1. Quick check, is residue 75 at pLDDT 95 or above, in the same structural domain as residue 224 (by TED's automatic domain parsing) and either surrounded by fewer than 16 Cβ atoms within 10 Å (Cβ to Cβ) or in a helix (DSSP H, G or I) (or both)?
2. Of all residues being out of contact with any helix residue (DSSP H, G or I) (no Cβ under 6 Å at 6 or more places or on another chain) and assigned to a strand (DSSP E or B) in segment 315-326, which is surrounded by the most Cβ atoms within 10 Å (Cβ to Cβ)? Just the residue, please.
3. May I ask you to verify whether residue 290 is in a strand (DSSP E or B), touching a residue at least 40 places away in the same chain (Cβ under 8 Å) and within 22 Å of residue 51 (Cβ to Cβ)?
4. If you go through segment 195-211 one residue at a time, do you hit one that is more than 24 Å from residue 309 (Cβ to Cβ) and assigned by TED's automatic domain parsing to the domain that holds residue 120?
5. Do the conditions hold for residue 299, that is, is it over 20 Å from the mean Cα position of the chain (by Cα) and under 23 Å from residue 172 (Cα atoms)?
6. Could you grab me the full set of residues in segment 339-353 that are under 11 Å from residue 122 (Cβ atoms) and touching a residue at least 24 places away in the same chain (Cβ under 8 Å)?
7. Being in contact with a helix residue (DSSP H, G or I) (Cβ under 7 Å, 6 or more places away or on another chain) and assigned to a helix (DSSP H, G or I) is the filter; apply it to segment 56-72 and report the residue that is surrounded by the most Cβ atoms within 10 Å (Cβ to Cβ).
C-alpha cells in the first residue's frame, strides 16, 4: 500500500469518526496561511495554499546549523526514505530540482536522431519545450472525448521504427482528468524496448479515482521513468524538489545529466520531515475537497461547464476572451491560470483555501452581473 492509499483510507476513517465535521485538521493551518497571504489571490500555479507544515519549518531552521556543509548525509537519508516508500532500492531514485528537472533530464538523456516525442494536447507544456534543442519529432495527440490521453492514437504515433518517448501526465495538467491506469498498463506491458514512457505523477496524491494507480510498479523495466514532486501536496513549490523512480539502468542514465548536489540541505531535511508528517496529506486533501466544492457550486450556479478534477485545480469555461478575463480578474485581485491551447475558452483555476474560493465565487458572480462571463 503506497502512502496515498494509506492516508486516504485514514482520512475516510477520520471523516466517519467525526474528523472534518468537528475536529478538522485544516483550520489552524488555514488560519496561518491566511495570515501569511497578501496581495492578489494566487489561483494560478497549482500550489498548496496551506503552505509548508510547522514541523518542516522547524527542520529548516535546525538545518541552518549544517548549511555550510555539502548535503551528503541528508541526501542519502531522503533517498533511502523514498526508496523505502516505493519499495525499491536507493539506486532506483534520482533527485531533481523539482519534478521539472526530472522531466528535463529524461528528455535530454533519451534524445536521439529521428526520435519521436509523443504527448497529449493539451498537457504540461514544459516537456516539448525541453525537447526543442534536440532532434525530436514532436507528435501531439488531442485528448479523447473523456479528456483523457488517447492511448490508441498515441500508440500509432509511437510506432514505425526508431525511438519514441511517450509523455503521460496522469492526472493530466491542465485538465485534471485521469487516463485509466489499465489502459496505460496495457500499453507499457506490450511496448517494445525502444518505446520509453515518461510518466508524470505530480498530482498522484490528490487522485481518488478507483481506476487510477501509480506506474511505479513498472520500473522493473528500463524504459519506464516515473516523476514525482514535493511541490504540490507537500507544499514545497518554492523550495524545488522532485524525484524519479526508475530502473537502475535508467536512473544511472538520468544521473549523467544532473549536478550531483542539485538538492540543497534545507530542502532535503524539510522533505524528510514531510514524509513522516501524518497530518500533512489528510489536511491538504480535506482543504482541497472543501474548497473545490465551493468552486463547483458557483460554476453550476452560473451554468459554466467544468471538467471534474482529480487534482488541485479545475478547468472551466469562461464564455469570454481569455486574455481579457485574466486582466479583469487581476484587476479584481485574483491571479488565474495561463492559456493552454487549444482550450482557449477555458481557464485553469488553482484551488485555494475555502475562504479564498468564497471570495473568488463572489467575484465571478459580479462578472456575470456585468456580462463578462
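The values are calculated or read from the model by the stated rules, or taken from the named source; none is laboratory data. Bear in mind that the values here come from a model prediction, so they are computed numbers and not experimental data. Neighbour counts run over all protein chains shown; Cβ positions are idealised from the backbone, glycine included.
1. Against the criterion (at pLDDT 95 or above, in the same structural domain as residue 224 (by TED's automatic domain parsing) and either surrounded by fewer than 16 Cβ atoms within 10 Å (Cβ to Cβ) or in a helix (DSSP H, G or I) (or both)), residue 75 qualifies.
2. 315
3. no
4. First, the residues of segment 195-211 that are more than 24 Å from residue 309 (Cβ to Cβ): 195-196.
Now narrow it down to the ones that are assigned by TED's automatic domain parsing to the domain that holds residue 120: 195-196.
Looking for residues that are more than 24 Å from residue 309 (Cβ to Cβ) and assigned by TED's automatic domain parsing to the domain that holds residue 120, one finds at least one in segment 195-211, hence yes.
5. Here the answer is yes, as residue 299 does meet what is asked.
6. Kept after step one, since they are under 11 Å from residue 122 (Cβ atoms), are these residues of segment 339-353: 339-344, 346, 348.
Once the filter is applied, which keeps residues that are under 11 Å from residue 122 (Cβ atoms) and touching a residue at least 24 places away in the same chain (Cβ under 8 Å), segment 339-353 yields 340, 341, 342, 343, 346, 348.
7. For segment 56-72, the residue satisfying everything is 56.
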